[in-house]
Amino acid sequence: MLGLDKKDMKFLLIVTFLTLATPILLQPFPEGSGLAQFNAGYPDLMQRFAIFGIFAIGFNILFGLTGYLSFGHAAFLGVGSYSAVWMFKLLSMNVLPGLVLAVIMSGLFALVIGYVSLRRSGIYFSILTLAFAQMSYNLAYSVLTPITNGETGLQVTLNDPRILGQQVSASGNVPGTHFFGIEMGAAQKIAIGSWEFTFSAGYYFCAIIAIIAFYLSLRIFRSPFGLMLRAIKSNQQRLNYTGLNARPYTLAAFVISGMYAGLAGGLLASMDPLAGAERMQWTASGEVVLMTILGGVGTMMGPVLGAGVIKYMENIFSKINDQVLHQWFGWLPDSLESIVIWAAEHFVGSGWHMTSGVLFMIVVIFLPGGLVEGGQRIKSYFKNRRGGDSDDPEHHPKQAPHVAE
Amino acid sequence: MGILEVKGVGKRFGGLQALGDVNLSVQENTVHAIIGPNGAGKSTLLNCFVGKLIPDTGSVMFDGQSLLGRTPYEITQMGVSRVFQTPEIFGDLNVMENMMIPCFAKRDGSFRMHAFESVAEETDLVEKAEQMLIDVNMIDKRHMHASSMSRGDKRRLEMAMCLVQDPKLLLLDEPTAGMARADTNNTIDLLKEIKEKRDITMAIIEHDMHVVFSLADRITVLAQGTPLVEDSPDKIKDHPKVREAYLGETQQ
């Protein structure tokens, strides 16, 4: 079905279910309980999970399959955001034209940057992409101010033409983004017992696009094209002497992943119609590399998981402050309490980077295959304990790992 | 007129004249061996055939077309396949995936954007790849990770990947270098089998005399960048010039 075999179809259905049920799954603690601050089921954060999931899925098509490590993908994220906001200013607040332009513009950008950068491989390729992204970032601040509005960032205002849509909303404000009338900001709160779930139109819009993006990426992974990309990572020499030209394949992968990044940028702007140059900074490019490696390079689920973990830490750990720590460790003797809090506060609040850094190191050292490998190890541990497979492993040739897991 | 015609090829690296004036003609459906002591320019010559090096002088014609200035993938698409000294395979992929890539390259050319088709649904190519694996006795290893196989199996796989493209000319660069005796004999058997079953032309560079004399129809001896003699294996064996160049002495 849908061009997928049974196993992949099951996989896609599970992912779809998890994505659609996210507002419930990420809200495991009742309101008002001490753990409620660990709930992540609020629209803004869930949208970020979906959007950065898309970003990472696209990045993985390039990095995971071909092994070309781009350090400049945030440039495409920025281009996508600017394009979308311009559509909101000129055409209408409907997100569709914005997203279409975002994907087209970032694709064109990726074509140019990729064409030049892919003349080199390895570290030189990474440096070239980094240079291009930093150049875009600096241009956005300086020469391109008429397009990007410099430091202030590009915003929608009451004076924008919006020739196809409303210029000013009924209440006299800038109208909100919508998808054919469905307001992105609309949300429905449902309370069950002491639990409260928020179902937001914006999240579901992002989620459906993320599922489509995931599906397309799954098709690419299973296609002859995807096989060629993996071959590029494995042995370019052999690829050449098999009669294949690696350049157009890598360029196509680069453009596709650039378009994914542009889509993510467009979605960011659709959720909050504002675009700033900081979205293109090298730290943002680095973040998607971390997400992909943390989750598992070259796996289907890894980048999404990685994006989720990093965005969760960025939003949840950074909220934990001194007071919260005092509540947690109040039961300790005073002298001990102050030492523990002193140590702990470096890992929470603005120090959340420390936690993510430690987590990243642990994963890279002990689980080179990322969180996905961790999951697989746990799975096989339980399988072996149940003794389901008592055959001598020596007599089983090692099966090639399935790229979808 | 041979399928591969090499005329007056010379190549210089700085002060070193790696190839002097090489003339060579590989006839269709024969195994032509190029032998010579270390530094004789065998690998340089081979690299001139596949587009890795461009000779300073001379011409290399394959099937009536010049190979000079073409990239390795273009030359491969013309029907020249190459087996490397150390087997070059896609180590991260399994055996079947390794086989599918040359099948796609043969059918679709050097690039095609088939991003929304499924590899598993290409039944014709899957069948072709499987048949090839049966031919080289590797079908039971089809799901194995290519990098986890023995060197002999890797060589076998590499050979299969070349043969599945039905090349007009197969170039082998010291196919048994660094192999144990058993693996060497295996490779000889495999090559003999290929030679008998298929209409294929092979040019083989080799150190191991045992391999050369059990396979070759024609032998060119290269020394210091120029061909010394070209003849049938029987005559080469006893040729005094060859003994001198190769062994550095004349046996009494």
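The values are calculated or read from the model by the stated rules, or taken from the named source; none is laboratory data. Since this is a predicted model, take the numbers as computed values, not measurements. Glycine gets a Cβ as well: all are built from the backbone with ideal geometry, and neighbour counts include every protein chain shown. Just so you know, the surface numbers come from the protein's heavy atoms only, side chains and all, with ligands and any DNA or RNA stripped out. Shrake-Rupley method; radii C 1.70, N 1.55, O 1.52, S 1.80 Å.
Output yes when any residue across the stretch B:191-201 is surrounded by fewer than 22 Cβ atoms within 10 Å (Cβ to Cβ), among the basic types (Lys, Arg) and under 20 Å from residue B:51 (Cβ atoms), and no when none is.
Within the stretch B:191-201 (the criterion being surrounded by fewer than 22 Cβ atoms within 10 Å (Cβ to Cβ), among the basic types (Lys, Arg) and under 20 Å from residue B:51 (Cβ atoms)), the answer is no, since none of the residues qualifies.
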- Item | Tally, over the stretch A:120-151, of residues that are free of Cβ contacts under 8 Å to residues at least 40 places away in the same chain and of a type in the set (Val, Ile, Thr) | 3
- Item | Yes/no for residue B:97 being closer than 24 Å to residue B:188 by Cα and either assigned to a loop (DSSP other than H, G, I, E, B) or of a type outside the set (Lys, Arg) (or both) | no
- So which residues in the stretch B:83-105 are open to solvent by 10 Å² or more (accessible area, probe 1.4 Å) and within 7 Å of chain A (Cβ to nearest Cβ)? B:88, B:89, B:91, B:92, B:94, B:97
- Message: Just checking, does the stretch A:349-371 include any residue being over 24 Å from the mean Cα position of the chain (by Cα), of a type in the set (A, V, I, L, M, F, W, C) and surrounded by 12 or more Cβ atoms within 10 Å (Cβ to Cβ)?
- Response: no
- Assess whether residue B:136 counts as being open to solvent by less than 10 Å² (accessible area, probe 1.4 Å) and more than 12 Å from chain A (Cβ to nearest Cβ). yes
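Counting only residues that are in contact with a Gly (Cβ under 6 Å, 6 or more places away or on another chain), aliphatic (A, V, I, L, M) and crowded, with 21+ Cβ neighbours inside 10 Å, how many does the stretch B:222-249 have?
Step one: list which residues in the stretch B:222-249 are in contact with a Gly (Cβ under 6 Å, 6 or more places away or on another chain), which gives B:222-223, B:225-226.
After this cut, where a residue has to be aliphatic (A, V, I, L, M) as well, the list is B:222-223.
Filter once more, so that each one left must be crowded, with 21+ Cβ neighbours inside 10 Å: B:222.
Summing the residues that are in contact with a Gly (Cβ under 6 Å, 6 or more places away or on another chain), aliphatic (A, V, I, L, M) and crowded, with 21+ Cβ neighbours inside 10 Å in the stretch B:222-249 gives 1.
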- Go through the stretch A:154-180 and give me each residue that's touching a residue at least 40 places away in the same chain (Cβ under 8 Å), hydrophobic (A, V, I, L, M, F, W, C) and open to solvent by 80 Å² or more (accessible area, probe 1.4 Å). A:163, A:164, A:180
- Hand me the list of helices (runs of 4 or more DSSP H) wholly inside the stretch A:93-151 holding 2 or more residues that are surrounded by fewer than 21 Cβ atoms within 10 Å (Cβ to Cβ) and not β-branched (Val, Ile, Thr). A:95-117, A:122-141
- Here the residues within the stretch A:52-92 that are open to solvent by less than 30 Å² (accessible area, probe 1.4 Å), among the hydrophobic types (A, V, I, L, M, F, W, C) and farther than 30 Å from residue A:119 by Cα are A:84, A:85, A:88
- Message: Considering only residues that are outside any helix (DSSP H, G or I), touching a residue at least 60 places away in the same chain (Cβ under 8 Å) and within 19 Å of the chain's Cα centre (by Cα), which ones fall in the stretch A:25-70?
- Response: A:40, A:41, A:42, A:67, A:68, A:69, A:70
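Quick check on the stretch A:201-228: of everything there that is within 11 Å of chain B (Cβ to nearest Cβ) and aliphatic (A, V, I, L, M), which residue is surrounded by the most Cβ atoms within 10 Å (Cβ to Cβ)? Even if it seems obvious, please write down each step before you answer.
Going through the stretch A:201-228, the residues within 11 Å of chain B (Cβ to nearest Cβ) turn out to be A:215-228.
Pick out the ones that are also aliphatic (A, V, I, L, M) and you get A:216, A:218, A:220, A:227-228.
On the way: A:216: 17, A:218: 23, A:220: 18, A:227: 22, A:228: 31.
Out of the qualifying residues, it is A:228.
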- Residue match in the stretch A:280-302 (condition: open to solvent by 20 Å² or more (accessible area, probe 1.4 Å), of a type in the set (Ser, Thr, Tyr), assigned to a helix (DSSP H, G or I) and farther than 27 Å from residue A:13 by Cβ): yes
- Inspect the stretch B:31-54 for any residue being open to solvent by 10 Å² or more (accessible area, probe 1.4 Å), among the aromatic types (Phe, Trp, Tyr) and either within 14 Å of chain A (Cβ to nearest Cβ) or over 16 Å from the mean Cα position of the chain (by Cα) (or both) and give the result as yes or no. no
- Query: From the set of residues in the stretch A:11-39 that are of a type in the set (Gly, Ala, Ser) and modelled with pLDDT under 90, which is farthest from residue A:191 (Cα to Cα)?
  - Reply: A:34
- Item | Search result, residues across the stretch A:229-247 that are at the interface with chain B (Cβ under 7 Å from one of its Cβ atoms) and aliphatic (A, V, I, L, M) | A:231, A:244
- When the stretch B:55-73 is checked residue by residue, the ones that are in contact (Cβ under 8 Å) with a residue 12 or more places away in the chain, away from chain A (no Cβ under 14 Å) and either loosely packed, with under 15 Cβ neighbours inside 10 Å or farther than 12 Å from residue B:4 by Cβ (or both) are B:55, B:56, B:57, B:58, B:59, B:65, B:68, B:69
- Among the listed residues A:308, A:266, which satisfies the condition of being of a type outside the set (A, V, I, L, M, F, W, C), under 24 Å from residue A:375 (Cβ atoms) and in a helix (DSSP H, G or I)? A:308
- Go through the stretch B:115-133 and give me each residue that's among the aliphatic types (A, V, I, L, M) and away from chain A (no Cβ under 13 Å). B:132, B:133
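Looking at the stretch B:117-126, is at least one residue out of contact with any helix residue (DSSP H, G or I) (no Cβ under 9 Å at 6 or more places or on another chain), crowded, with 20+ Cβ neighbours inside 10 Å and of a type outside the set (Phe, Trp, Tyr)? So that I can check it myself, show each step before the final result.
The initial filter retains those residues of the stretch B:117-126 that are out of contact with any helix residue (DSSP H, G or I) (no Cβ under 9 Å at 6 or more places or on another chain), namely B:121, B:123.
Filter again for crowded, with 20+ Cβ neighbours inside 10 Å, leaving none.
For the stretch B:117-126, residues out of contact with any helix residue (DSSP H, G or I) (no Cβ under 9 Å at 6 or more places or on another chain), crowded, with 20+ Cβ neighbours inside 10 Å and of a type outside the set (Phe, Trp, Tyr): absent.
Take residues that are touching a Pro at 6+ places or on another chain (Cβ under 9 Å) and tell me which of the strands (runs of 3 or more DSSP E) falling wholly in the stretch B:151-227 contain 2 or more. Even if it seems obvious, please write down each step before you answer.
On the way: elements: B:169-173, B:201-205, B:218-223.
In the stretch B:151-227, the matching strands (runs of 3 or more DSSP E) lie at B:201-205, B:218-223.
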- Message: Could you check the stretch A:26-51 and list, in sequence order, the residues that are closer than 12 Å to residue A:196 by Cα and surrounded by 14 or more Cβ atoms within 10 Å (Cβ to Cβ)?
- Response: A:26, A:27, A:29, A:30, A:36, A:39, A:40, A:41, A:42
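Every residue, every condition in (1) out of contact with any Phe, Trp or Tyr (no Cβ under 8 Å at 6 or more places or on another chain); (2) in contact (Cβ under 8 Å) with a residue 60 or more places away in the chain; (3) not hydrophobic (A, V, I, L, M, F, W, C), yes or no:
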position	(1), (2), (3)
B:87	yes, yes, yes
B:92	yes, no, yes
B:96	yes, no, no
B:109	yes, no, yes
B:120	yes, no, no
B:126	yes, no, no
B:129	yes, no, no
B:141	yes, no, yes
B:154	yes, yes, yes
- Task: Determine whether residue A:266 is open to solvent by less than 10 Å² (accessible area, probe 1.4 Å) and more than 25 Å from residue A:155 (Cα to Cα).
- Result: no
